[in-house]
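J.: Before I ask anything, let me first share the structure, which is written out below as structure tokens.
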Amino acid sequence: MEIKIEELSKKYLDQAIRLIHQIFITNPHDQDSPDIWFPASLNPNTEDNKKHYEKLGVVKVKYFLALDGEKVIGTTGFYTLKKDVNEAYWLGWFSVHPRYRRIGIGMRLYKLIEEKAKKAGKEFIRLYTTDSKEEKNAQKFYDKIGLKIYKTEESTYSRREKILYREKKIE
């Protein structure tokens, strides 16, 4: 099995969005939905996408895919926010299909973003996630790669979950 990693393209757009919906509980109408952000990352200069970026304080978004042949088996990406644009890349829609976990694909996807952040002169990789039981394995992975929790807050989606903010200083 040869897994390749490449930038998100229109060719794989629908597959990538479907994978996210398989892995995460998402609402296609939420402001951070892959149904909005994946296409917006491919066409950032349309009026609607410019407004969406502005509304959420986003400066730049880019996504990447792990492919087994023509099958999307993983996603990752980064975005920059106006509030910390000079210091951080935020990890976005990081996922690996369950059948392809624990063979190094997640690490390859993460390292790609870390390298891009380093080349761009960023000091941190950041992400937000939840403490839901469905994300227990992801939390273990984040701990393993050194993404430490630096802030928690109540979720606006669920009273049972907390939002966890994690970061790693890039060396």
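The values are calculated or read from the model by the stated rules, or taken from the named source; none is laboratory data. In this text, all values refer to a predicted model and were calculated from it rather than measured experimentally. We place every Cβ from the backbone using ideal geometry, glycine too, and count neighbours over all the protein chains shown.
J.: Does Glu6 meet the test of being under 22 Å from Leu112 (Cβ atoms), outside any loop (DSSP other than H, G, I, E, B) and acidic (Asp, Glu)?
T.: yes
J.: Same structure again: Taking Glu7, is it in contact with a strand residue (DSSP E or B) (Cβ under 7 Å, 6 or more places away or on another chain) and either among the polar types (S, T, N, Q) or surrounded by fewer than 17 Cβ atoms within 10 Å (Cβ to Cβ) (or both)?
T.: Yes: the conditions hold for Glu7.
J.: Report the residue count in region 111-146 for those that are under 22 Å from Lys83 (Cα atoms) and hydroxyl-bearing (Ser, Thr, Tyr).
T.: Adding up the residues that qualify gives 3.
J.: How many of the residues in region 78-119 are farther than 20 Å from Ile23 by Cα and part of a loop (DSSP other than H, G, I, E, B)?
T.: Of the residues in region 78-119, 3 are farther than 20 Å from Ile23 by Cα and part of a loop (DSSP other than H, G, I, E, B).
J.: Tell me whether region 159-168 contains one or more residues that are within 19 Å of Tyr63 (Cα to Cα) and either among the hydrophobic types (A, V, I, L, M, F, W, C) or assigned to a helix (DSSP H, G or I) (or both).
T.: Checked region 159-168: no residue is within 19 Å of Tyr63 (Cα to Cα) and either among the hydrophobic types (A, V, I, L, M, F, W, C) or assigned to a helix (DSSP H, G or I) (or both).
J.: Taking region 58-83, which residues are surrounded by 16 or more Cβ atoms within 10 Å (Cβ to Cβ) and among the charged types (D, E, K, R)?
T.: Lys62, Asp68
J.: Another question, if that's okay. If I filter region 21-28 for residues that are over 17 Å from the mean Cα position of the chain (by Cα) and outside any strand (DSSP E or B), do I get at least one hit?
T.: Checked against the condition, which is being over 17 Å from the mean Cα position of the chain (by Cα) and outside any strand (DSSP E or B), region 21-28 yields no hits at all.
J.: Another question, then. How about region 122-135: which of its residues are charged (D, E, K, R) and either at pLDDT 90 or above or surrounded by 19 or more Cβ atoms within 10 Å (Cβ to Cβ) (or both)?
T.: Result: Lys122, Glu123, Arg126, Asp131.
J.: Here are some residues: Arg166, Arg160. Which one is touching a helix residue (DSSP H, G or I) at 6+ places or on another chain (Cβ under 8 Å) and of a type in the set (D, E, K, R)?
T.: Arg166
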